[in-house]
Amino acid sequence: ASSRAARPVRPTLTLVIGLGFLAYVHGTFAVFPVTIACVAYLLAKRTAGTRYATPAAWAYAVLVLVIKERGHRYMRFGSLLGSEFRWLDMYTGEYGWHAGLNLVVLRLVSFHLDLHWATLEKQRPSGAPKLQAPKHKPELQPEGCSAEYANRVVDALPLGEYSLANCLAHAFYVPLYLAGPTVTFNAFASQMARPQTAHRAGRVTNNQLKIKLQRTKLFSQLCKMSSIRMNI
């Protein structure tokens, strides 16, 4: 009973931490990626289950990336909302809001398409063969990827799981936000509800420590290279 009661807390806590982290790294400009994600959610809910879902998902993704590349310099509160809001431009945070948007867009596309397949499955007539989202070929499956995780990627979730809160929690999941890698929405939401059992906690922690150590070494090497160039 305690595990059931704790289930709603984990996605909510993940969302709160993600939005808090977003506010820290982007300052007031965090409103831009959040707005992009909210529009993507509304578009996904509007087109899921129709023939327009896949084209709409990718068209919106391309549009966002084009705006990011060509227009992010001009997206200022003072120019968009008027001079009385120019003071908001002072709180830029520690990291440009547009720099990590590529991975966010990929996660939003994943949400859109996973919701689309779940909706089609819900619309399937009684007795009709079960629909399945396209699966990766076994020979292309990443090394170490368990069958449990592969099933989480392709298995549709109840439509209630495709909520705005879960969409934002997935898009701005802190451990993967800045440097990746990414994860599909189905796998993410499934992990929130039912944590994986294929790998022991000690192994997961050990892998996380190795990754952090490698990143620390890489950062140290970059700093040394930078100092050498400055001395030259």
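The values are calculated or read from the model by the stated rules, or taken from the named source; none is laboratory data. As the structure is a computational prediction, the values presented were derived from the model and not from experiment. FYI the Cβ positions are ideal-geometry reconstructions off the backbone, even for glycines, and counts take in every protein chain you see. When the accessible area is computed, the model is the full protein with side chains, heavy atoms only, and any ligands, DNA or RNA have been set aside. Shrake-Rupley method; radii C 1.70, N 1.55, O 1.52, S 1.80 Å.
Can you tell me which residue is modelled with the highest pLDDT among those in the range 178-200 that are among the hydroxyl-bearing types (Ser, Thr, Tyr) and closer than 16 Å to Leu168 by Cα?
To start, the set of residues in the range 178-200 that are among the hydroxyl-bearing types (Ser, Thr, Tyr) comprises 182, 184, 190, 197.
If we keep only those that are closer than 16 Å to Leu168 by Cα as well, we get 182, 184, 190.
Numbers: Thr182: 84, Thr184: 90, Ser190: 84.
Checking each candidate, the answer is Thr184.
Going through Gly20, Gly27 one at a time, which residue ends up being surrounded by fewer than 17 Cβ atoms within 10 Å (Cβ to Cβ) and modelled with pLDDT under 95? Steps first, please.
Numbers: Gly27 fails: surrounded by fewer than 17 Cβ atoms within 10 Å (Cβ to Cβ).
Matching residue, one of Gly20, Gly27: Gly20.
Suppose we filter Ala40, Ala128 for residues that are among the hydrophobic types (A, V, I, L, M, F, W, C), out of contact with any Lys or Arg (no Cβ under 9 Å at 6 or more places or on another chain), open to solvent by less than 90 Å² (accessible area, probe 1.4 Å) and at pLDDT 85 or above; which single one remains?
On the way: Ala128 fails: at pLDDT 85 or above.
None of the others qualify; the one that does is Ala40.
Check whether at least one residue in the range 11-20 is of a type in the set (S, T, N, Q) and outside any helix (DSSP H, G or I), and report yes or no.
Going through the range 11-20, the residues of a type in the set (S, T, N, Q) turn out to be 12, 14.
Now restrict to residues that are outside any helix (DSSP H, G or I): none.
No, the range 11-20 contains no residue that is of a type in the set (S, T, N, Q) and outside any helix (DSSP H, G or I).
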Contacts under 7 angstrom Cβ, first residue in the range 41-64 being free of Cβ contacts under 8 Å to residues at least 24 places away in the same chain, partner loosely packed, with under 14 Cβ neighbours inside 10 Å and part of a helix (DSSP H, G or I), 6 or more apart
none
Given (1) farther than 16 Å from His170 by Cβ; (2) part of a helix (DSSP H, G or I); (3) at pLDDT 90 or above, number of the condition Ala5 does not satisfy:
(3)
Of the numbered conditions (1) at pLDDT 80 or above; (2) more than 19 Å from Thr182 (Cβ to Cβ); (3) surrounded by fewer than 19 Cβ atoms within 10 Å (Cβ to Cβ), Ala48 fails exactly one; give the number of that condition.
(3)
Every residue in the range 79-113 that is assigned to a loop (DSSP other than H, G, I, E, B) and either among the hydroxyl-bearing types (Ser, Thr, Tyr) or at negative phi (or both), please.
Tyr91, Thr92, Glu94, Tyr95, Gly96, Trp97, His98, Ala99, Gly100
